[in-house]
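Nothing in this text is a laboratory measurement; each read-out follows from the coordinates by a stated rule. Predicted model, so just to flag it, every value in this text is computed and none were measured. Note that each Cβ is placed from the backbone with ideal geometry, even for glycine, and that neighbours are counted across all protein chains shown.
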Amino acid sequence: MWFMIGMLVGVLVLGLIWLMKRNNLSLTWYEGLIGVIGMVMLLFTIQNYFGSLAEIEPKAANLFLLVIGLPGIILLALSWQLAARRVKKA
Amino acid sequence: MPKFHTVVGRREFMKALGLSGVALGTVAASAPVFHDLDDIIANPSASFKRPWWVREREFGDPTIEVDWSLITRQDNTKVMVGGGFGPVVGAELQAKLKAETNALQLADVKNNTPGATLRDWALYSACGSFVDQSVMNYVQPIASWAPGTAPQVFSWTSVPGPEYFGATKWQGTPEENSKMLRAAMRFMGASQVQFGELGEHERKLIFTKHNRTKKEIVFENVEKAYETTTKHALPDKPLWIVSVAIQMSKELFRQGRSPLRTAANGSRYYQWKGVQARTQAFLNVLGYQGIGYPEFSTGVISAQADAILCGFSEGARNNNVSISPEFGTVVGYFSLLTDLPLSPSRPIDAGFFRFCHTCRKCATECPTQAISHDSEPSWDIPRSSLAPDKEVTWTMPGKKVFHTDFPLCFTQFGQHPGCGVCMGTCTFNVNGASAIHEMVKATLSTTSLFNGFMWKADDAFGYGIIDEGDRELWWDYELPTYGYSTALTSKHGGYNR
């Protein structure tokens, strides 16, 4: 499973880099950092969500979504919007 | 017009949040949730889970064609393993084959042929000989445990020794012996084994009297252990401890005070019976002795103390329990003594006992409140709240621990259907699928800074004893054989994934 997730993340990151190069975009250091933190939190959530379900711990699974997954998504959204707004402004 | 403190508009933010909510909701909705027993019964997956490429056929129509008109009931004495071989091939060929294979067996041991050395035959003798047509079949020592009818298992020697093979006793370094015994015992059913030397200190852990047989346990100047109607005699010579862990079902221990929990607790004992008998047989073939339990539940030495001293686990807040990095609290420990020289394993520090200084989950959940809530362990053993005028006789001083009020504990533990809530609810009674557990263990092993947070988080995330209404759900789970993962400490073969 983690091989597939690794492949998927690799493809997504490569796609993102390709898109940014094509559109002549770049991330500031803090946009990149927030994005990476968000991505790590999201992957951590996915692992622990499915892990907890496998462990028959549904409450733990849902709390992982709430406590780590939601902030992770917010950080990713924040990174994206920061970059988008900066580009739009420029 | 410059925008002040935000570059993300409220509208965009809410839109992103809405998308996230939809995603989270979809994942949550896809999670399998059963609400009651009816849900389970209604679940179509009454069969066990198969790969998608396995197709089911019609009843009575396997891939091998069957003509029921030709099939009649079989006399099972005519099949090969039922004695049918001799009458078909003749007694002469049968005797010739037997003589040849027996000679080959002896030659292999003599020549140390890879795959057929003395230790290989020892494993065969312990585990495989009873399914073979060998001359060295042995009597199963575990046929019965009824008092008076059971074979003497304390120092059981009902298998041929190395002399049967024309060999001398097995010679290996303590490290080689330890590796060999670990491999053999894991194969025979032990979850893991550790080793210790029965030195001057450890001899103090040998009981003076056995709790069930009521016999004295004594050291004597003899070569081999033996027992009479009044005593279990141990040889007064260098001996080593084999500390054995046998896991139990974590899911069943989360059932609280329930016969299901007690079923898990009992499972380790019937498994231990087989492990002990086969280990003794294995050692006997090698020319050594295994000194085991005279009856199913208790040996001659404190197994919990051995587990800690031999590096299986650390002591816990409940000082009748210890915590293993691999197995947590839901594991039973047993001890066997042997004269096979072994390499002692060292005690461990994974931060567990330090964590127990902070965490009080077991103490809070304990139905009798027998577990100490103190912040620091103590040398002094308090008297039981049930009998404050009685001296402490049920445990030994000399260890700085959190002292459980055992008479109080026994008002639940010793009554039907037993207890074990402390083990089931422990912060370390977790499975291994989520990465968070390894991170928590690595963190608390490194620093005690987050111990309080970890304890509270474990509680908040719902780990531990499950709700009473969910307890029958266990029957619908597809759990591993014996109810636990046997691959936790395996390194080779790709099983521990």
Taking the Cβ of B:Gly161 as the center, what net charge do the other residues with Cβ under 12 Å away carry, scoring Lys and Arg +1 and Asp and Glu -1? +1
Likely footprinting exposure, B:Ser345, B:Ser324, A:Ser26, fewest C-beta neighbours within 10 Å first: A:Ser26, B:Ser345, B:Ser324
Neighbourhood net charge (12 Å Cβ-Cβ; Lys/Arg +1, Asp/Glu -1) for B:Ile436: -3
Considering the dipole of chain A built from charges on the beta carbon (Lys and Arg +1, Asp and Glu -1) around the Cα centre, which of A:Thr28, A:Ile74, A:Ala61 is farthest to its positive end? A:Thr28
What FRET efficiency comes out for B:Thr168 versus B:Glu220 if R0 is 35 angstrom and r is the Cβ-Cβ distance? Round to the nearest 0.05. 0.85
Highest average packing first - B:280-287, B:62-69, Cβ atoms within 10 Å: B:280-287, B:62-69
Could you give each residue of the stretch B:318-323 its phi-based ³J(HN,Hα) in whole Hz, using Karplus coefficients 6.51, -1.76, 1.60 with θ = phi - 60°, and x for Gly or Pro? 6, 7, 9, 10, 10, 10
With labels modelled as points extended 7 Å from the Cα through the Cβ direction, what inter-label distance (nm, one decimal) is found for B:Ser297 paired with B:Thr446? 4.4
When you count, for each residue, the other Cβ atoms within 10 Å and take the mean per peptide, how do B:388-395, B:350-357 rank with the highest first? B:350-357, B:388-395
Computed FRET value (nearest 0.05) for A:Ser26 with A:Ile5, which takes r as the C-beta separation and R₀ as 41 Å: 0.95
What are the ³J(HN,Hα) values, in whole Hz, obtained from phi via the Karplus relation 6.51 cos²θ - 1.76 cosθ + 1.60 with θ = phi - 60°, for each residue of the stretch B:56-69 in sequence order, with x given for Gly and Pro? 8, 9, 6, 4, x, 10, x, 6, 7, 6, 10, 10, 5, 5
With a 10 Å Cβ neighbour count serving as the proxy for reagent exposure, in which order, fewest first, do B:Ile371, B:Ile246 appear? B:Ile246, B:Ile371
Can you pull the mean other chain C-beta count within 10 Å for peptide A:58-70? 5
What is the average number of partner chain Cβ atoms found within 10 Å of a Cβ in B:458-467? 3
Do any cysteines of the protein assembly as shown lack a neighbour Cys whose Cβ is under 4.7 Å away, and which are they? B:Cys127, B:Cys310, B:Cys356, B:Cys359, B:Cys366, B:Cys409, B:Cys419, B:Cys426
Taking amide H atoms as placed 1.01 Å from N in the peptide plane, list the residues 5 or more away in sequence, or in a different chain, whose amide H sits under 5 Å from that of B:Ile217. B:Lys209, B:His210, B:His232
Say R0 is 56 Å: what FRET efficiency, to the nearest 0.05, do B:Ser343 and B:Arg57 get from their beta-carbon distance? 0.55
I need B:Asp476, B:Asp61 ordered by Cβ neighbour count within 10 Å, fewest first. B:Asp61, B:Asp476
Across peptide A:41-54, how many C-beta atoms of other chains are within 10 Å of each residue C-beta, on average? 4
The answer for B:Asn429, listing residues at least 5 apart or on another chain whose modeled amide H is closer than 5 Å to its amide H, is B:Thr329
At the level of C-alpha centres, the distance separating the stretch B:290-328 and the stretch A:46-79, in angstrom, is 37
Counting DSSP beta bridges in the protein assembly as shown, what percent are antiparallel, to the nearest 5? 85
Counting other C-beta atoms within 10 Å, and keeping those with at most 11, which DSSP coil GluC sites (Glu not before Pro) do you find in the stretch B:218-273? B:Glu223
The long-range amide H neighbours of B:Leu386, using H built 1.01 Å from N in the peptide plane and a cut-off of under 5 Å, are B:Leu408
What would the Debye formula give as log10 I(q)/I(0) at q = 0.08, 0.09, 0.10, 0.11 Å⁻¹ for the alpha-carbon point model of the protein assembly as shown, no solvent? -0.75, -0.90, -1.04, -1.17
